[in-house]
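Read-outs: derived from the displayed coordinates by stated rules, not from any lab. If you're wondering where the values come from, they're calculated on a predicted model, not measured in any experiment. Don't worry about glycine lacking a Cβ; one is built from the backbone with ideal geometry, like all the others, and counts go over all protein chains shown.
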Amino acid sequence: MVNINQLPSVFGFDDVEIEWAIPGILPMSAITAITGDSGSGKTTFAMFMAGHIASGSDFLGRPCVQRPVLVLDRENSLPVVRERLTRLKIYDEPNLIIAGGWLPGLALHPGSPEVLSWTKETWPRPVIIVDVLRAFLEGDENDSCAMRRFMSSPRRLADAGACVLLLHHTGRAGGNYRGSSDFKASVDVAYTLHNSSTNRLDRLVLRAFKQRFNVEQELKLVYSDDWFFPAENNGR
């Protein structure tokens, strides 16, 4: 039985400073969402970030601590994933683990005990990318109970120290996200990603619409030569 009077003070814990997977963009011990329309480049941009975090290389001038990255993918086939990685010049990176439907008998979910156990055993704490939310949600995404029930899984991972990045869609009628408002209520940071072109990646804007951390409010990007650059600098 828990003795409420003996619960420790929040000031009694060590190592509670805010850490970042990518400074000013992806905080650790938190749930971050990137939303966008189909074809907006959510997955490509997330994999670009994943490659830099897994290798510990600078991301758009921001230093990344090298961390393991786990991608839970129920959206893309193996040939699509291989093509995207090759295009982004991400090769056989040992810190990047991608679990998709091409793995027989494997149905990893953010709520899987294996994922939580791996998170707690991994140091430095990992980044976990969920592509896409709807493919893992059991129930109607407009149902607040179903959404809240799903969001309890990434919250447990964040409480264990992980950076959880959820990819999600925007609504047909506009708005920053699709489905129940409990989605926005449950995340710590949320961005929309807008692509200026309808049929190819071109000029993109990543814009924050929720933040519990002080994050970059707007990031303007150019996708050129299979690479992302700051919009003001088209050179690599």
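Over the range 1-141, Cα pairs under 8 Å with separation of 6+ residues give a relative contact order of 23 percent. The modelled label-to-label distance between ASP58 and ASP159, using points 7 Å beyond Cα along the C-beta direction, is 3.9 nm. In this simple spin-label approximation, ASN142 and TRP227 carry label points 7 Å from Cα along the Cα→Cβ vector, and these lie 4.5 nm apart.
Between ASN142, ASN199, ASN76, the residue with the greatest mean-square fluctuation in the GNM of the chain (Cα pairs under 10 Å linked by springs) is ASN199. Annotation: the antiparallel percentage among DSSP beta bridges lying fully within the chain is about 45. Modelled this way, with points 7 Å down the Cα-to-C-beta line, the labels at VAL16 and LYS89 are 4.2 nm from one another.
Rounded to two decimals, what is Rg over Rh for the range 26-230 when you use alpha-carbon atoms and the Kirkwood radius? Walk me through the intermediate numbers first.
Values: Rg = 15.8 Å, Rh = 17.1 Å.
My calculation puts Rg/Rh at 0.93.
For the range 1-57, the list of chymotrypsin sites (Phe, Trp or Tyr not before Pro) that fall in a loop by DSSP and count at most 15 other C-beta atoms within 10 angstrom reads PHE13. Listing CYS163, CYS64, CYS145 from fewest to most neighbouring C-beta atoms within 10 Å gives CYS145, CYS64, CYS163.
Kindly state, to the nearest 0.05, the FRET efficiency for GLN66 paired with SER196, given R0 = 35 Å and r defined as their beta-carbon distance. Computed FRET efficiency for GLN66 and SER196 comes out at 0.60. Comparing GLY41, GLY24, GLY161 in a Gaussian network model of the chain where C-alpha atoms under 10 Å apart are linked, the largest mean-square fluctuation is found at GLY24. Considered as an equivalent ellipsoid built on the Cα gyration tensor, the range 1-69 has semi-axes of 33, 17, 10 Å, the largest given first. Here the range 17-127 is described by how far its Cα atoms reach on the three principal axes: 39, 32, 28 Å, from widest to narrowest. Under a Cβ-Cβ cut-off of 14 Å, what is the net charge of the residues other than GLY175 that fall near it, where Lys and Arg count +1 and Asp and Glu count -1? In short, +3.
Comparing mean-square fluctuations of LEU201, LEU106, LEU166 from a GNM of the chain with C-alpha springs under 10 Å, the top value falls on LEU106. Sorting 88-96, 206-214 by average packing, meaning the other beta carbons within 10 Å per residue, from highest down gives 206-214, 88-96. If you take all other residues with their beta carbon under 15 Å from the beta carbon of GLU114, and give Lys and Arg +1 and Asp and Glu -1, the sum is +1.
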